[in-house]
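What follows draws every value from the coordinates through simple rules; no lab data is involved. Predicted model only: the values in this text are computed from it and were never measured. Cβ: placed from backbone, ideal geometry, glycine included. Neighbour counts: every protein chain shown.
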Amino acid sequence: MFIRRFYDDRLAQASYMIGCQRTGEAIVIDPARDIRQYVDAAPAEGLRITQVTETHIHADFVSGARELAHATGAQLMLSGEGGPDWQYTYAASDGAKLLHDRDVIVMGGVRLDAWHTPGHTPEHLAFIVTDLARSAEPVAMVSGDFVFVGDVGRPDLLELAANVSGNKEESAVRLFHSLKRLHSLPDHLQVWPGHGAGSACGKALGAMPTSTLGYERLTNWAFGVNMEPAFVTTVLDGQPTPPSYFARMKRVNRDGPPVLGARPGLPEVDRDAVTHGLKSGSVVLDVRPKAEQAAGHLAGTLGIPLIKSFTTWAGWLVPGDATVILIAGGADVAATARDALASIGIDNVIGYAGPSVISGPTVRTAQPGDINNAGAMQADGRHVLDIREANEYAAGHIPGAEHHPLGTLESSVANLDRSTPLAVHCQGGTRSAIGTSVLERMGFTDVIDLTAGFGGWRKE
C-alpha cells in the first residue's frame, strides 16, 4: 500500500493519496484546489488516479475534488449521507457516486470502508483503511474533520457559517455518538486528520501530523468526557470565531466549485492600471513583507503579507467576487499569491505590479509607535484599538484599549470620524500592520501601528 500526505501550511489542511502499487490504482481524499501536486505525484509513484473523494463539504477552502476528477477522468465519489437538507447539488450532473455508511472501496489489495461520522457536518464520512496484503486488521482512519490530534471537529460551523439555526447542540450530540462508535476499533489504528494546528475547524488542534486512536484515547480531551451534556457544553465552549469566508465556502463546495483548468500566467501591469483599479473599486492587494509595506505603500491599497496566515486574513477582508490586482516582489510571488487566493475562492486576479509602481505623492509610510506609550496616547485623546481575538483580549489587555478584532475591524469602526486619531496593536505586530492598512484604506488619516504588540507591553 502507498500513502502520501499533502499539506497546505496556510490552510493547515491535509489531503491524502492512497494507492495499491500492484494494480497502480490510487484514490485522493480531500484534495486541495491546486491539483498539480496530485497529478505530478501519481505517475512518479507508478500510480494513476482512478478515484477522488472527500470526507465532507468543506468550509475553509475550495475543494479540489471536482477539479481533479475532471482533469484525470477519475470517478468522483461524494457523501450521500446527511439527509435531504444538506446534499451536494452537483453530484448528479458530474456523475458522482454517492457513498453511504459501510460502503466499501477496493483498489487491488487496499480497502477503504466509509463510516458515517456526523457531528462536524451532517454528511461527514471517515474512511477506515486496510492493507489487505499485510493484514485483515485496519491500519488507519482518514478522519477528515471528525478526529484531530488532540481535538475533534467543531459542531457549530453549520449554524455559524451556513445559517442553519439551532443546529449546533444537535450536531454536538451527533458528534458525541460518532466518537462512541469508534469503540470497536483497535488502539493501533493510525489517525490521519484533515487539519493541523492553526485551523479554525477546532479549538485545540495539535501540531503532530498523525496520531493513533490509542494515543487519542489517552490524551484527547474529547475521549475523556463520557457524559453527553458535559461533552456538548465543552465542545461548544471557546471555539474561535470562524472567518467570514467560511459561509461562502460551504455554498461553493455544496453547489460545485468552478473548474479552473489550465490558467495562463499572470500579466504584469503598470502604474496606470493600478491607479485605474483603485478608482474603479478593484482591491489592490499588497502582498510584500510588512517591513517593505511600512517603508512605502500606495494609498488605498490593502496590505496582507504573503505569510502563513495570508489566506485567513484575505478570506476575512477581500470579498469573494472582488477584482484583484496584486503588488508583489516578482512574478513567482504573485503566482503563489494567486494560487492562495484561489484556494479560498477568490478567482478574479487580473494582474500584478512590481514595487516600482510605489512612487509619487500617493505613497505613504507607516507611523510606528511604542506600545508602552499607549496610556499617554489615550490621555491625549488617541483611541487604542486591540485587534486580537476575544480570547486573547479576555486573557489580558491594556487598560482602556478598545476591542475590535481584525476580521470585523472595518464594520466595527465604520461610524468613527475619519479624523479620529488611532493606535493599533495586536500580539506581536503582524495583524496590526494589516489593521493599519484596513484603517488607512477606509480613510482614517492618523493611524499609529504599535508594532511591538501586547507581547511587548510592560505593565507599569
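Observations
- Percent of alpha-carbon pairs separated by more than 21 Å within region 1-114: 34 percent
- Taken about its Cα centre, region 2-255 carries a charge dipole of about 300 debye when Lys and Arg each add +1 at the Cβ and Asp and Glu each add -1 at the Cβ.
- Cβ crowding within 10 Å ranks TYR352, TYR215, TYR16 as TYR215, TYR16, TYR352, fewest other Cβ atoms first.
- Working note: Karplus 6.51/-1.76/1.60 with θ = phi - 60° gives region 68-85 the couplings 5, 5, 5, 6, 10, x, 5, 6, 8, 10, 10, 5, x, 8, x, x, x, 7 Hz, where Gly and Pro are set to x.
- Around the amide H of THR55, modelled in the peptide plane, lie the amide H atoms of ASP30, all under 5 Å away and 5 or more residues distant in sequence or on another chain.
- Ranked PHE2, PHE246, criterion: other C-beta atoms within 10 Å, fewest first: PHE2, PHE246
- Label sites at ASP332 and LEU98, each approximated as a point 7 angstrom past Cα along Cα to Cβ, lie 4.8 nm apart.
- Pairwise centroid distance, computed over Cα atoms, of region 321-368 with region 61-94, Å: 32 Å
- Applying the Karplus relation 6.51 cos²θ - 1.76 cosθ + 1.60 with θ = phi - 60° to region 388-402 yields 3J(HN,Hα) values of 6, 6, 4, 5, 5, 5, 5, 6, x, 8, 5, x, x, 5, 8 Hz, where x marks Gly and Pro.
- Taken along the Cα-to-beta-carbon direction at a fixed 7 Å, the label points for HIS70 and GLU228 span 4.3 nm.
- Lys, Arg +1 and Asp, Glu -1 on Cβ, resulting dipole of the chain about Cα centre, debye, nearest 20: 420 debye
- When only the Cβ of Lys, Arg, Asp and Glu is charged (+1, +1, -1, -1), the dipole of region 1-78 relative to its Cα centre reaches about 180 debye.
- Per-residue extension of 0.36 nm, minus the Cα-Cα distance of HIS177 and ALA376, leaves a gain of 66.2 nm for this segment.
- Per-residue [θ]222 nm for the chain (sum of -39500 (n - 2.57) over DSSP H runs n ≥ 4, rounded to 500): -8000 deg cm²/dmol
- Dipole of the chain computed with +1 at Lys/Arg Cβ and -1 at Asp/Glu Cβ about the Cα centre; of ALA200, GLY19, LEU99, farthest Cα towards the positive end is GLY19.
- Amide hydrogen neighbours beyond the local backbone of THR323, cut-off 5 Å, H modeled: VAL283
- Of SER282, THR323, ALA299, farthest towards positive along the dipole that unit charges on Lys, Arg, Asp, Glu beta carbons give region 270-326: ALA299
- Cβ-based exposure ranking for HIS397, HIS425, HIS177, in which fewest neighbours within 10 Å come first: HIS177, HIS397, HIS425
- Under 5 Å, built H, 5+ apart or other chain: amide partners of LEU189: LEU213, GLY214
- Rounded to 10°, Cα long-axis angle of helix 331-342 versus longest principal axis of the chain: 60 degrees
- Residue-wise HN-Hα coupling along region 256-270, computed from phi with Karplus coefficients 6.51, -1.76, 1.60 (Hz; x: Gly, Pro): x, x, x, 7, 7, x, 6, 10, x, x, 7, x, 8, 10, 9
- Counting Lys and Arg as +1 and Asp and Glu as -1 over every other residue whose Cβ lies under 14 Å from the Cβ of HIS58, the net charge comes to -1.
- Cross-link partners of LYS203 among lysines, defined as those whose alpha carbon lies under 19 angstrom from its own and excluding same-chain residues fewer than eight positions apart: LYS168, LYS308.
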